[in-house]
1. Inside the stretch 539-569, can you point out the residues that are closer than 27 Å to Glu230 by Cβ and open to solvent by less than 30 Å² (accessible area, probe 1.4 Å)?
2. Scanning for something within 26 Å of Tyr128 (Cβ to Cβ), buried (at least 20 other Cβ atoms within 10 Å of the Cβ) and touching a His at 6+ places or on another chain (Cβ under 8 Å), does the stretch 178-197 turn up at least one residue?
3. Quick one: how many residues across the stretch 276-308 are hydrophobic (A, V, I, L, M, F, W, C) and closer than 20 Å to Leu205 by Cα?
4. If you go through the stretch 276-298, how many residues are open to solvent by 10 Å² or more (accessible area, probe 1.4 Å) and either farther than 25 Å from Val459 by Cα or hydrophobic (A, V, I, L, M, F, W, C) (or both)?
5. Yes or no: the stretch 304-313 includes at least one residue that is more than 30 Å from Asp639 (Cα to Cα), open to solvent by 10 Å² or more (accessible area, probe 1.4 Å) and modelled with pLDDT under 95.
6. Do we have Glu573 as open to solvent by 40 Å² or more (accessible area, probe 1.4 Å), in contact (Cβ under 8 Å) with a residue 60 or more places away in the chain, part of a loop (DSSP other than H, G, I, E, B) and in contact with a helix residue (DSSP H, G or I) (Cβ under 6 Å, 6 or more places away or on another chain) here?
7. Residue by residue through the stretch 553-601, note down the ones that are over 28 Å from the mean Cα position of the chain (by Cα), small (Gly, Ala, Ser) and closer than 30 Å to Ala246 by Cα.
8. Return the residue satisfying two criteria in turn: it lies in the stretch 198-249 and is free of Cβ contacts under 8 Å to residues at least 60 places away in the same chain and small (Gly, Ala, Ser), and of such residues it is surrounded by the most Cβ atoms within 10 Å (Cβ to Cβ).
Amino acid sequence: MYGRKRRKLFMIAAVCAACVSGIASTTVSADENNTENVTNALEKTDIFENQNQIDEAFKSELDNKYPLENALIVVNPYGTSPLSAVAVFSTEEATGGTITVKGKSPENDIVGNIESAKDHIVPIYGLYNGDTTTVEISLEDGEKSSFEVTTEKTEMDYGDVKMEIFDEANYDYSNLSLLCSTMGSVYAIDGAGDIRFYTNMGGSLGVHLLANGHLMMPAPYVLKASYYKEGLLEVDLNGKIYREYAIPGGQHHDFRELSNGNLLVASDSPDLSSVEDYVVEIDRESGEVVWELDMKDLLDIEDGASASMESDGSAEEDWFHNNGLWYDEANDLVLLSARHKDAIVAVNKTDKTIAWILGDPTGWDKTDKSLFFTPTGDDFEWFYAQHCVSMLDNGDIMLFDNGTAKVKRIDNDNRVTGDQVYSRAVIYHINTDDMTVSQVYEYGKERGADWYADWISGVDSLDGTKDHLFITAGSHLYSEEENRSDFYPSDMFRQGLTKMTHIDQVDEGNLTAELTLSGDSYSVLTFRAFRMPLYTENTDFDITAKPEVLGSLGETPYETQDIDLSSAEALPEGWTIKLDDLKVSVEGNYQMESKADEPEDGTLVLSNDTETREYALTQTSTEGDNGANVKVSGWVSTDSLDGEEWEIYIQADGKLYNTKYKLAL
């Protein structure tokens, strides 16, 4: 019986073997044809081809009418979610039931409902990594069956994972902790500290569970180093993509699903000349931008600057650094968490004016003072370099106070360091009638420097109140040699530091559970975590749904140049050029004698009979055994290229190369 299921599994696995990422595509290597005397048309890659083939294979398998006892089990069907699987079987009459993915102990069982039908394609979520998991399916007509499902081992280096539960009564084992690693993976941990879900198909800075039971995460393609992504990806826990949303300024850090289904997205200026200071609303069905906000129109760039700008290692174009979003529907306010202003800025969505600013008013010399709140109460403290703003059901403002410096940039010489640093989850009550603010809750100060997290991190309410919180202190760095923890983002890649994340469930002020990750791996550092079930009440896996790309990247900035293209050399081996529904992208590398040398500007050149355009490429230099290796990458949106044929050239390392490809849209 099991052998038959394995043979069928291999048939589908062969289809998905090429599916390396959630938007798998065929890469055209420039060196295949660049020595020829002909110019080849660059063919568009169907980014969903593999996924669609797998869906069709599943439909075909339904025709085999597998009985439950001999259900077809396919592990990791789309090649992007190795701890998930699918069971395919049929019943004579329409019936539903339950699926139980057994844990190593009963409290860590994962249970989901099966919808009533005759033909079933049931997702299996919560398998153990590199191990065999028992899966039980029980139908309403009394039929039952049990399966042993084995996964291949996937390398996941999250250091030492320690789970401690101090109050069983307040801990809900049916929900798992979903963690978003700063290195790009998303994974879920159960009450025993075991990983039961994993994917690295997209980004991790801004992941949320949608109302329909899917996950929304940053798309994998980087528009601008290092975490500015081309948009958002809607996926299920088996790794199937439903929609990709392209955004002219890309996405970073956060988004919110609005009550009308639209997406409020933290973005960058459309030409990427400034970052983390732009917000857009995306129509859920069309992908079009229906509302946009540029914070440069509302605030002076230099006003109210945070001391975190001295230690973040950020470029000055990142003057605002919005790392969190919230929409206050009752008051039509968009709340932004401006780390580089030490402030929560509330903007009237309708007329795009500032409603109020919550934060230390020191250094805000060019902004209307009436927009700020006056603190009340003896235990009040301002926050600094914060993350993750939200509102509780009663209207109170909640955020993670990273606590960087604890002074503004103009007082940077007095910044707090050493054992005096600490971070907090903190809640404020604001009164907009008399513009006063009071502090009503904090957690973390009592943990001191050992719990300090200078960047990333967040706090989530489990029930909309301050009584049940889930807190991520995601960036603790520690030097045993120096016995200190006051490190910053610019220290992230410093050798010899222990990386650590603390994730705490706090109920009515008491620590219910703590998940601790520690080690040398950068994957230990965690952008944010939240609690979620792997199975939801909604249908979250649908092989009949056709994936689609919505929206666009806008027009990529360029300069018109007069370049002698006749002297172009053949493009060296190792470069790739790809065309998809949104863009032309290139990637390659070359060697320099020393990292200290400044790479010459790199550009992608498109030329036709009437004009020649230059588009800037990004170059990153890293030290190697034989000098420095320079990685070159970049893209051009197809929005303004329709109706013309373009020959493709690349300028890099002071040379002009003919790719021998042309673009015809």
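1. Looking only at the stretch 539-569, we keep the residues that are closer than 27 Å to Glu230 by Cβ, and these are 540-561.
Passing the criteria: Asp540, Phe541, Ile543, Ala545, Pro547, Leu550, Leu553, Gly554, Thr556.
2. no
3. Of the stretch 276-308, the ones hydrophobic (A, V, I, L, M, F, W, C) are 279-280, 282, 289-291, 293, 295, 298-299, 301, 305, 307.
Then drop every residue that is not closer than 20 Å to Leu205 by Cα, which leaves 279-280, 282.
Total meeting the criteria: 3.
4. Filtering the stretch 276-298 down to residues open to solvent by 10 Å² or more (accessible area, probe 1.4 Å) leaves 278, 281, 283-286, 288-292, 294, 296-298.
This time we only want the ones that are either farther than 25 Å from Val459 by Cα or hydrophobic (A, V, I, L, M, F, W, C) (or both), so: 283-286, 288-292, 294, 296-298.
The total comes to 13.
5. Looking through the stretch 304-313, at least one residue is more than 30 Å from Asp639 (Cα to Cα), open to solvent by 10 Å² or more (accessible area, probe 1.4 Å) and modelled with pLDDT under 95.
6. On the way: open to solvent by 40 Å² or more (accessible area, probe 1.4 Å): yes; in contact (Cβ under 8 Å) with a residue 60 or more places away in the chain: yes; part of a loop (DSSP other than H, G, I, E, B): yes; in contact with a helix residue (DSSP H, G or I) (Cβ under 6 Å, 6 or more places away or on another chain): yes.
The answer is yes for Glu573.
7. Residues of the stretch 553-601 over 28 Å from the mean Cα position of the chain (by Cα): 558-574, 590-601.
From what is left, the residues that are small (Gly, Ala, Ser) are 566-568, 570, 574, 594, 596.
Once the filter is applied, which keeps residues that are over 28 Å from the mean Cα position of the chain (by Cα), small (Gly, Ala, Ser) and closer than 30 Å to Ala246 by Cα, the stretch 553-601 yields only Gly574.
8. Gly203
The values are calculated or read from the model by the stated rules, or taken from the named source; none is laboratory data. The shown structure was predicted, so the numbers you read here are calculated from the model rather than taken from an experiment. Every residue, glycine among them, receives a Cβ derived from its backbone with ideal geometry; neighbour counts consider all protein chains shown. Just the protein is used for accessible areas: all its heavy atoms, side chains included, with ligands, DNA and RNA removed. Shrake-Rupley method; radii C 1.70, N 1.55, O 1.52, S 1.80 Å.
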